[in-house]
1. In the stretch 8-185, how many lysine pairs have Cα atoms under 21 Å apart, counting only pairs 8 or more places apart or on different chains?
2. Apply the Karplus curve 6.51 cos²θ - 1.76 cosθ + 1.60, θ = phi - 60°, to the phi angles in the stretch 3-9 and return the couplings in whole Hz, x for Gly and Pro.
3. R0 = 30 Å: FRET efficiency of I101 with S129, Cβ-based, nearest 0.05?
4. Amide H to amide H under 5 Å from N12: which residues, 5+ apart in sequence or cross-chain, H placed 1.01 Å off N in plane?
5. If you keep only loop residues by DSSP, which chymotrypsin sites (Phe, Trp or Tyr not before Pro) in the stretch 44-98 have at most 14 other Cβ atoms within 10 Å of their Cβ?
6. Report the gain in length on full extension from V141 to F113: 0.36 nm times residue separation, minus Cα-Cα distance, nm rounded to one decimal.
7. Provide the per-residue ³J(HN,Hα) series for the stretch 133-146, in order, calculated from phi with Karplus coefficients 6.51, -1.76, 1.60 and θ = phi - 60°, each as a whole number of Hz, with x at glycine and proline positions.
8. Given +1 on the Cβ of Lys and Arg, -1 on the Cβ of Asp and Glu, and no further charges, what dipole in debye does the stretch 8-185 carry about its Cα centre, rounded to the nearest 20?
Amino acid sequence: MILKDLRIFSQNVCKSNFLINIILEVNHNFDIIFIQEPSWTTLRFIPSSTNPKGVPLLGVPNHPNWLTFARKLSSSNESPRVVTYINIRLLSLWFSLRKDIINHRIIILTFFFNNNSTFWIMNVYSDSSHTALKYLKDTEVNLSNLLIMTGDFNIRDSYWDPTFSHHSILGIVIGIQLFLIILTFVMIF
């Protein structure tokens, strides 16, 4: 399979599994769905030899038409803040999560093969302290063929959001840092 274009949907769901389920059900024409701030809840109870009621299986919603890519839940206080869903019709592109390159609960780096080339996609959630931007700025990674780095960067400024009432120097500084981070990650051959 040779892919010529990707249809990508990105949404902060504010910890709503209901919203994730609707997005997965309705957006079947998309190839990739980036979710920020998913809710990690008990999906079901799995059998246990030590607990007759079973052990809770924590996770994010799954759907039969989507592959789910997320970091392993280490604790409820440190739950991953991003999830990437890949439409199963793209199985032949061999998508893979790359925690060996970027291993952070607020960034998912995924790669796939297309037409004998490797391509990268990145889903980012940056909190109000801009943790993701600081992490990306301090992490030296050279990725060729980064197709998209998107998500929720929590940068509000009247320059790019006319509904926001004021302009701040912080918005410009962070915007410039984000632009420089993107330039660092994207290398054109």
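Values in this text are rule-based calculations from the coordinates and carry no lab data. Quantities reported herein were computed from a predicted structural model and do not represent experimental measurements. Don't worry about glycine lacking a Cβ; one is built from the backbone with ideal geometry, like all the others, and counts go over all protein chains shown.
1. For the stretch 8-185, the number of qualifying lysine pairs is 4.
2. 9, 9, 8, 10, 9, 10, 10
3. 0.85
4. The answer is Q36.
5. Answer by residue number: W94.
6. Gain on stretching V141 to F113: 8.2 nm.
7. Couplings: 5, 5, 5, 5, 5, 8, 9, 8, 9, 10, 10, 8, 6, 6 Hz.
8. That gives a dipole near 500 debye.
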